[in-house]
Amino acid sequence: MYENRLKLVEYGILLFLGIVILRLFQIQVLNHAKYSAEARDQHWSATKVSARRGDIRTADGFSVATTTVIYNLFVETQKITNKEAFSKNIAKLVNELDEKSVNEAISKNGRWIQLSSNILPEERKAILDSDLINKSALHFEETYKRYYPEGRMLSHVLGFVGKDKNSNETGYYGLEQFYDGDLKGQDGLYLLEKSAFDNPIIWGGENKVEASDGSTLVLTIDRNIQYLAEKEIKYGVERYGAKSGTVVIVEPNTGAVLAMANYPNYNMSSPNLEDSEIRNSSIGVVYEPGSVMKAITMSVAVDMGLVTPDTTMMDSGPKWYSGHKVDNWDGKHHGLETMTSVLQHSNNIGISWVGLKVGGKNLMEYFDLFGFGRKLGIDLDGEESGLIYPPRNLKDIEIVNAAFGQGIAVTPLQMTMAFAAIANGGKLMKPYVVDKIISSDKETTMEPVILDKPLTRKTSDIMTKMLTDAVSGGEEKYFVSKKYAVAGKTRTAQVPIPGGYDEYRTNATFVGYLPKYKNFVMLIRLEEPTSPSGYSSETAVPLWMKIGEEIANYYGLEPDILNN
């Protein structure tokens with residue numbers, strides 16, 4: 001009996017030891033990482049060391065987005081002897097603080113109270129230099145704030161910086177979002193050993209992981225050309241009573257964007273997220289291109305060898321296609337028309353004839369080569385792809401509508417790059433805004449990328465001549481430059497509405513380049529201009545000519561010898 005009890009005690013001790021061993025194994029081996037982390041959290045305090053967000057600079061070296069130092073202001077309430085006097089004096093030194101709110105904040109329970117997250121360096125210095133405040137009660141935490149030195153300029157290209165759901169700063173829209181990973185860098189960490197009472201140990205350990213600042217972006221944008229574009233598109237919208245306006249200027253041989261401006265623009269330091277003006281209309285708004293598309297359709301026909309500039313067709317009146325009537329924009333008819341005069345008169349009947357010769361499948365395949373119906377891959381957030389028909393056998397009415405720019409949708413950037421392909425010898429270039437990314441240890445330079453080759457060099461040269469003749473002899477001839485020859489195409493298109501088109505509202509576009517120099521291609525688009533008319537020839541064209549001549553002067557281009 002005694003021996004049984006003894007064995008029972010022995011078994012109990014062994015069982016207890018086994019449980020202890022298993023528990024120790026669980027703690028020290030299986031849950032080692034968990035308890036190590038808990039111990040580290042109890043004995044160490046961690047403070048984030050913010051990385052400085054990288055600058056964004058124009059091609060000519062001006063910062064258009066930078067980061068300034070600001071401070072978070074904390075107060076240790078236990079060290080304040082006279083709360084009323086403290087509240088009054090700190091409110092005198094910090095513009096955004098008022099005596100009542102400070103007094104309420106420091107009267108609440110809590111050892112440390114944050115009073116402000118936006119103390120400027122000069123305010124911090126004034127506080128530290130003042131004899132009114134017990135400085136031992138204050139703590140300043142250095143942080144950063146995004147700053148846009150040029151105000152609203154480039155707002156649609158840059159985007160802005162805001163807080164995400166975890167209150168971390170992140171980029172929204174434009175470059176700030178597209179290159180957020182490069183710009184924001186990597187935050188650091190400051191670790192300090194603390195006591196059981198949560199106080200720093202004077203002779204304790206400390207460790208600091210340095211922050212890695214964000215990279216600097218150097219843009220293809222020329223600040224002077226951008227300033228000019230923004231100034232003139234604002235003038236154009238106001239002068240011609242338009243809802244909005246867009247300017248896109250690119251270097252045709254590389255795809256580099258020299259300027260991109262929309263008006264109205266917005267304040268990047270305090271954007272309204274519900275405001276539609278935040279969207280970059282140059283890349284994020286699609287519209288029916290209208291008559292500007294006639295230049296692309298003609299390019300296709302020339303490239304396929306179906307027409308030459310002197311090929312003729314008969315414009316004797318309206319035509320019917322698939323049960324739908326098609327007429328010229330002004331109701332006028334011109335009899336025997338060459339392909340050049342089709343472009344000069346912006347002849348719907350003539351370009352319909354050309355489109356049918358090309359055929360729906362071929363037309364859509366070429367449209368794709370020109371970059372329509374797909375994203376071009378520009379390094380900005382918010383690009384749309386537009387819409388074209390799939391490459392199949394289309395109905396006659398679908399072909400002719402597409403030939404003069406109806407029933408399909410494009411972005412201003414797509415149309416600009418398509419004309420750039422005509423100007424540069426037939427290459428569709430990938431548009432880009434960032435030329436260089438400069439980090440602490442390397443510099444990366446972007447290289448031009450050819451997306452497709454829709455045209456031959458021969459076709460490019462033929463179309464440049466035809467588009468030059470179209471401008472000098474077309475409806476816009478009274479408003480064109482008297483200093484430079486211009487190759488381009490206008491577009492005055494009625495605004496589509498359910499079941500048809502609004503006969504009173506139009507969108508006006510002109511896109512073109514200087515055929516002698518070909519160092520920039522520019523598109524001007526005005527949404528629903530009203531004064532003196534809704535016609536491109538009286539709104540978009542003179543605006544294009546004004547900007548074009550100023551850019552030419554900026555580049556030092558000698559005027560052409562024209563027969564005026």
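Only one entry of Ser341, Ser322, Ser299 meets the criterion of being of a type in the set (Gly, Ala, Ser), out of contact with any Gly (no Cβ under 6 Å at 6 or more places or on another chain) and under 26 Å from Pro412 (Cβ atoms), and that entry is Ser299.
A quick yes/no check of all residues on (1) in the same structural domain as Val434 (by TED's automatic domain parsing); (2) in contact with a Pro (Cβ under 7 Å, 6 or more places away or on another chain); (3) polar (S, T, N, Q):
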| site | (1), (2), (3) |
| --- | --- |
| Gly255 | yes, yes, no |
| Ala259 | yes, no, no |
| Met268 | no, no, no |
| Leu273 | no, no, no |
| Tyr287 | yes, no, no |
| Met293 | yes, no, no |
| Thr297 | yes, no, yes |
| Val300 | yes, no, no |
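Screening Ile80, Ile56 for residues that are among the hydrophobic types (A, V, I, L, M, F, W, C) and touching a Leu at 6+ places or on another chain (Cβ under 7 Å) leaves exactly one candidate, Ile56.
Listed here are the residues, each with its yes/no results for (1) of a type in the set (A, V, I, L, M, F, W, C); (2) over 37 Å from the mean Cα position of the chain (by Cα); (3) surrounded by 13 or more Cβ atoms within 10 Å (Cβ to Cβ); (4) in a strand (DSSP E or B).
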| residue | (1), (2), (3), (4) |
| --- | --- |
| Gln78 | no, yes, no, no |
| Phe86 | yes, yes, yes, no |
| Lys100 | no, yes, no, no |
| Asn118 | no, no, yes, yes |
| Glu122 | no, no, no, no |
| Ile127 | yes, yes, yes, no |
| Asp131 | no, yes, no, no |
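In the set (1) of a type in the set (S, T, N, Q); (2) closer than 23 Å to Lys518 by Cα; (3) at pLDDT below 95, Asn328 fails one condition alone, (2). Of the strands (runs of 3 or more DSSP E) lying entirely inside the range 296-376, the ones with 1 or more residues being surrounded by fewer than 16 Cβ atoms within 10 Å (Cβ to Cβ) and of a type in the set (S, T, N, Q) are found at 312-315.
Looking only at residues in the range 161-188 that are farther than 25 Å from Asp441 by Cβ and surrounded by 13 or more Cβ atoms within 10 Å (Cβ to Cβ), the one that is modelled with the lowest pLDDT is Gly162. Of all residues in the range 252-279, those satisfying the criterion of being of a type in the set (S, T, N, Q), modelled with pLDDT under 95 and either crowded, with 22+ Cβ neighbours inside 10 Å or touching a Phe, Trp or Tyr at 6+ places or on another chain (Cβ under 8 Å) (or both) are Ser269, Asn272.
To keep it simple, each residue is scored yes or no on (1) among the hydrophobic types (A, V, I, L, M, F, W, C); (2) under 28 Å from the mean Cα position of the chain (by Cα).
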site	(1), (2)
His345	no, no
Ile378	yes, yes
Glu383	no, yes
Leu387	yes, yes
Asn393	no, no
Asp396	no, no
Ile399	yes, no
Ala403	yes, no
Phe419	yes, yes
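Considering only residues in the range 377-408 that are at pLDDT below 95 and among the small types (Gly, Ala, Ser), the one that is surrounded by the most Cβ atoms within 10 Å (Cβ to Cβ) turns out to be Gly405. For the range 447-467, the criterion of a residue being in a strand (DSSP E or B), of a type outside the set (Asp, Glu), under 29 Å from Met545 (Cβ atoms) and in contact (Cβ under 8 Å) with a residue 12 or more places away in the chain is satisfied by no position. All but one of (1) within 40 Å of the chain's Cα centre (by Cα); (2) within 23 Å of Tyr366 (Cβ to Cβ); (3) touching a residue at least 12 places away in the same chain (Cβ under 8 Å) hold for Asp327; which doesn't? For Asp327, the exception is condition (2).
Only one of the listed residues (Asn253, Asn272, Asn267) is closer than 24 Å to Met417 by Cα and in contact with a helix residue (DSSP H, G or I) (Cβ under 9 Å, 6 or more places away or on another chain). That residue is Asn253. Please tell me if Ser269 is of a type in the set (Ser, Thr, Tyr) and part of a helix (DSSP H, G or I). No.
Checking the structure you have, find out if any residue of the range 438-446 is in a loop (DSSP other than H, G, I, E, B), surrounded by fewer than 13 Cβ atoms within 10 Å (Cβ to Cβ) and basic (Lys, Arg). Yes.
The values are calculated or read from the model by the stated rules, or taken from the named source; none is laboratory data. Computed from a predicted structure; not experimentally measured. Don't worry about glycine lacking a Cβ; one is built from the backbone with ideal geometry, like all the others, and counts go over all protein chains shown.
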